[in-house]
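The values are calculated or read from the model by the stated rules, or taken from the named source; none is laboratory data. Quick caveat, the model's predicted, so the values are computed rather than measured. Virtual Cβ from ideal backbone geometry, glycine too; neighbours counted across all protein chains shown.
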Amino acid sequence: MAHYAVGDIQGCYDPLSRLLERVNFDTNKDTLLCVGDLVNRGPKSLKTLRLLKSLENQCVSVLGNHDIHLLAVIYGAREPRISDTFNKILAAPDAHEIADWLRHLPLLHVNSERQYLMAHAGIYPWWSLDEAQKNANKVAAVFKKREKCINLLENIYSNEPSRWSKDLAKVDKLRFTINAFTRMRFCDLNGHLNFTENGPDQKTTKELVPWFKVKNDSLKNHRVLFGHWSALGLLNTSQHLGLDTGCVWGREMTMAKIPKTKDKAVTLYTQTNSNA
């Protein structure tokens, strides 16, 4: 009953398959944890989604920004970009079945028994874990209803608001929640998120810090699994596990065997992407 977490797949089916073979992944009892960005930029997004979907309850994934972009394109809420590589999904006979599966994925997954939680970009530092879960659940409730999901997808593409407030309008709260869980990297110490800086965390300044360097005591009993930040590379501490190691950019995909408690070290496996 092992739990394996994998970084951003982004349609890189072959290195994912090789990693699953290396750890002898048992589809009857093991769990694959995906930190989001399952699709796009890589060559085999459709094959990747069909594999993950076929694992049923043995795959636990959160939504990433590229997954949400795919949903928006499938539902006509947004035009595809020239750089998108998911045309095979759009033309597939099971495209809407895949979309139904995707929009039922959460923004946040919490496993208190094994002391980890998972979100694509991370946890907004000014939320308690309880607040993060409640806000993620509100988005999930909208996404589960197709028409409401489409309406929200038509209204999420903005960098504003950049800071959380309980006084925000409902749609602004939903937009901020999605942005925080799927696009966050840097923030300032007043709680504003910066969506333009995407370099390594060494670019930290007095005004701008990586979200995971802002203390959040409500998360101290959990290891936070996340991806999204390929320039950051592997981050492996007892508190944070950043797994986006730039596979889609020709580097490598990283998989981690998650221990039963947070005070034990993870076991790492890497696979070079020879097809990038």
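Determine whether Asp14 is under 20 Å from Asn273 (Cβ atoms) and outside any loop (DSSP other than H, G, I, E, B).
yes
Output the number of residues of region 26-44 satisfying the condition of being within 17 Å of the chain's Cα centre (by Cα) and assigned to a loop (DSSP other than H, G, I, E, B). Outline the logic, then answer.
The initial filter retains those residues of region 26-44 that are within 17 Å of the chain's Cα centre (by Cα), namely 31-42.
Then keep just the ones that are assigned to a loop (DSSP other than H, G, I, E, B); that gives 35-42.
So the answer is 8.
Show the residue pairs meeting these rules: Cβ distance below 7 Å; 6+ apart or different chains; first residue within region 155-184 and more than 16 Å from Ile123 (Cα to Cα); second residue modelled with pLDDT under 95.
Correct list of pairs: Asn159/Phe195.
Return the only residue of Ala136, Ala132, Ala99 being touching a Pro at 6+ places or on another chain (Cβ under 8 Å) and either under 19 Å from Tyr13 (Cβ atoms) or surrounded by 15 or more Cβ atoms within 10 Å (Cβ to Cβ) (or both).
Going through Ala136, Ala132, Ala99 in turn, the sole match is Ala136.
Please give the number of the condition Leu107 fails out of (1) in contact with a Pro (Cβ under 7 Å, 6 or more places away or on another chain); (2) crowded, with 17+ Cβ neighbours inside 10 Å; (3) among the aliphatic types (A, V, I, L, M).
(1)
Cβ-Cβ below 6 Å, separation at least six or inter-chain, first residue in region 29-52 and farther than 16 Å from Asn87 by Cβ, second modelled with pLDDT under 95: which pairs?
Lys29/Met1
Of a type in the set (Lys, Arg) and in contact with a helix residue (DSSP H, G or I) (Cβ under 7 Å, 6 or more places away or on another chain), is that true of Lys138?
The answer is yes for Lys138.
Within region 34-50, identify whether any single residue is of a type in the set (Gly, Ala, Ser) and out of contact with any Phe, Trp or Tyr (no Cβ under 9 Å at 6 or more places or on another chain), and answer yes or no.
Scanning region 34-50, I find no residue that is of a type in the set (Gly, Ala, Ser) and out of contact with any Phe, Trp or Tyr (no Cβ under 9 Å at 6 or more places or on another chain), so the answer is no.
For region 83-103, what are the residues that are closer than 17 Å to Ala140 by Cα and either β-branched (Val, Ile, Thr) or out of contact with any Lys or Arg (no Cβ under 6 Å at 6 or more places or on another chain) (or both)?
The answer is Ile98, Ala99, Asp100, Leu102, Arg103.
Please go through region 67-94 and pick out each residue that is under 14 Å from Leu49 (Cβ atoms) and among the basic types (Lys, Arg).
Within region 67-94, Lys88 is the sole residue that qualifies.
Taking the condition of being crowded, with 19+ Cβ neighbours inside 10 Å, part of a loop (DSSP other than H, G, I, E, B) and under 18 Å from the mean Cα position of the chain (by Cα), how many residues in region 153-166 meet it? Can you show your working first?
We begin by selecting, within region 153-166, every residue crowded, with 19+ Cβ neighbours inside 10 Å; these are 153, 156, 164.
Filter once more, keeping what is part of a loop (DSSP other than H, G, I, E, B): 156, 164.
Right, trim to under 18 Å from the mean Cα position of the chain (by Cα) and you get 156.
Of the residues in that region, 1 qualify.
Just one of Ile178, Ile150 is part of a helix (DSSP H, G or I) and surrounded by fewer than 20 Cβ atoms within 10 Å (Cβ to Cβ); which is it?
None of the other options fit; the residue is Ile150.
Exactly one condition in (1) modelled with pLDDT of 95 or more; (2) assigned to a loop (DSSP other than H, G, I, E, B); (3) under 29 Å from Tyr75 (Cβ atoms); (4) not aromatic (Phe, Trp, Tyr) is false for Thr196; which is it?
Going through the list (1) modelled with pLDDT of 95 or more; (2) assigned to a loop (DSSP other than H, G, I, E, B); (3) under 29 Å from Tyr75 (Cβ atoms); (4) not aromatic (Phe, Trp, Tyr), Thr196 breaks only (1).
Identify the residue in region 1-25 that is over 20 Å from the mean Cα position of the chain (by Cα) and under 24 Å from Leu117 (Cβ atoms) and, among all such residues, is modelled with the lowest pLDDT.
Ranking the candidates gives Met1 first.
Within region 224-272, can you find the residues that are more than 14 Å from the chain's Cα centre (by Cα), assigned to a loop (DSSP other than H, G, I, E, B) and of a type in the set (Phe, Trp, Tyr)?
Residues satisfying the conditions do not exist here.
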